[in-house]
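Undergrad: Would you mind keeping the following structure in view while I ask a few things?
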């Protein structure tokens, strides 16, 4: 439930939202996402969290980060670590849970409603702490992927669960064709 007078903030786990949207077959249009939540309340801040590989000259997510920076999003990044998993696949580790939690809890006294774009169960204690401060918390993720991208404990803790697929027509755009140098967002391990 959203109220027009709510002081609202968005906390977007970039790699988690990217993976959820990709599993549903669409990309996020961040301009439309921001406009949608400006319409739902008084948007005070929109955070976007992502890990970046500093070792690469070109990061495929750099154009998105630049666009978000110039269009009213607060970008929080940290260096990712590259490793090879047990199957010999290249993986990138760059979990942003701590950064997201710190920002959310610091901003909580100035909010009525927080919208968390993540399905990560590690964020459940953060949501509970925000609720103790009187903040309503909505979580955006998906149950419609196999397996579901949202942890059951996160969905249970949230005041409101918003199915990402239900937002497809509002904030989605068709996925673009990948170019040779494109790669997916960093995995969180």
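The values are calculated or read from the model by the stated rules, or taken from the named source; none is laboratory data. If you're wondering where the values come from, they're calculated on a predicted model, not measured in any experiment. Note that each Cβ is placed from the backbone with ideal geometry, even for glycine, and that neighbours are counted across all protein chains shown.
Undergrad: Exactly one condition in (1) within 22 Å of residue 96 (Cα to Cα); (2) surrounded by 14 or more Cβ atoms within 10 Å (Cβ to Cβ); (3) in contact with a strand residue (DSSP E or B) (Cβ under 6 Å, 6 or more places away or on another chain) is not met by residue 23; state its number.
TA: (3)
Undergrad: Being at pLDDT 95 or above and farther than 13 Å from residue 11 by Cα, is that true of even one residue in region 114-122?
TA: Scanning region 114-122, I find at least one residue that is at pLDDT 95 or above and farther than 13 Å from residue 11 by Cα, so the answer is yes.
Undergrad: Of everything in region 162-178, what is within 29 Å of residue 110 (Cβ to Cβ) and surrounded by 15 or more Cβ atoms within 10 Å (Cβ to Cβ)? Give them in sequence order. I'd like the intermediate steps shown before the answer.
TA: Of the residues in region 162-178, the ones within 29 Å of residue 110 (Cβ to Cβ) are 162-164, 166-167, 170-171.
Answer for region 162-178, where residues must be within 29 Å of residue 110 (Cβ to Cβ) and surrounded by 15 or more Cβ atoms within 10 Å (Cβ to Cβ): 162, 164, 167, 171.
Undergrad: Considering region 124-138 alone, what residues qualify as being buried (at least 17 other Cβ atoms within 10 Å of the Cβ) and touching a helix residue (DSSP H, G or I) at 6+ places or on another chain (Cβ under 6 Å)? Before you say what the answer is, go through the steps one by one.
TA: First, the residues of region 124-138 that are buried (at least 17 other Cβ atoms within 10 Å of the Cβ): 124, 126-127, 130, 135-138.
Listed by number, the residues that qualify are 124, 126, 127, 130, 135, 137.
Undergrad: Identify all residues within region 2-28 that are within 13 Å of residue 142 (Cα to Cα) and either touching a helix residue (DSSP H, G or I) at 6+ places or on another chain (Cβ under 7 Å) or not in a helix (DSSP H, G or I) (or both); write none if there are none.
TA: Of everything in region 2-28, those that are within 13 Å of residue 142 (Cα to Cα) and either touching a helix residue (DSSP H, G or I) at 6+ places or on another chain (Cβ under 7 Å) or not in a helix (DSSP H, G or I) (or both) turn out to be 20, 21, 24, 25, 26.
Undergrad: Counting just the residues of region 47-65 that are more than 19 Å from residue 19 (Cα to Cα) and free of Cβ contacts under 8 Å to residues at least 24 places away in the same chain, which one comes out farthest from the chain's Cα centre (by Cα)?
TA: Within region 47-65, the match that is farthest from the chain's Cα centre (by Cα) is 57.
Undergrad: Let me ask something else about it. Could you list all residues from region 66-109 that are farther than 22 Å from residue 122 by Cβ and either in contact (Cβ under 8 Å) with a residue 60 or more places away in the chain or buried (at least 17 other Cβ atoms within 10 Å of the Cβ) (or both)?
TA: Scanning region 66-109 gives 68, 73.
Undergrad: Quick one: how many residues across region 45-65 are surrounded by fewer than 15 Cβ atoms within 10 Å (Cβ to Cβ) and either in a strand (DSSP E or B) or at pLDDT 95 or above (or both)?
TA: 0
Undergrad: Quick one: would you say residue 32 is surrounded by fewer than 16 Cβ atoms within 10 Å (Cβ to Cβ) and in contact with a helix residue (DSSP H, G or I) (Cβ under 7 Å, 6 or more places away or on another chain)?
TA: Numbers: surrounded by fewer than 16 Cβ atoms within 10 Å (Cβ to Cβ): yes; in contact with a helix residue (DSSP H, G or I) (Cβ under 7 Å, 6 or more places away or on another chain): yes.
For residue 32, the condition - surrounded by fewer than 16 Cβ atoms within 10 Å (Cβ to Cβ) and in contact with a helix residue (DSSP H, G or I) (Cβ under 7 Å, 6 or more places away or on another chain) - is met.
Undergrad: Could you check residue 156 against (1) surrounded by fewer than 17 Cβ atoms within 10 Å (Cβ to Cβ); (2) touching a helix residue (DSSP H, G or I) at 6+ places or on another chain (Cβ under 7 Å); (3) part of a helix (DSSP H, G or I) and say which number it fails?
TA: Condition (2) is where residue 156 drops out.
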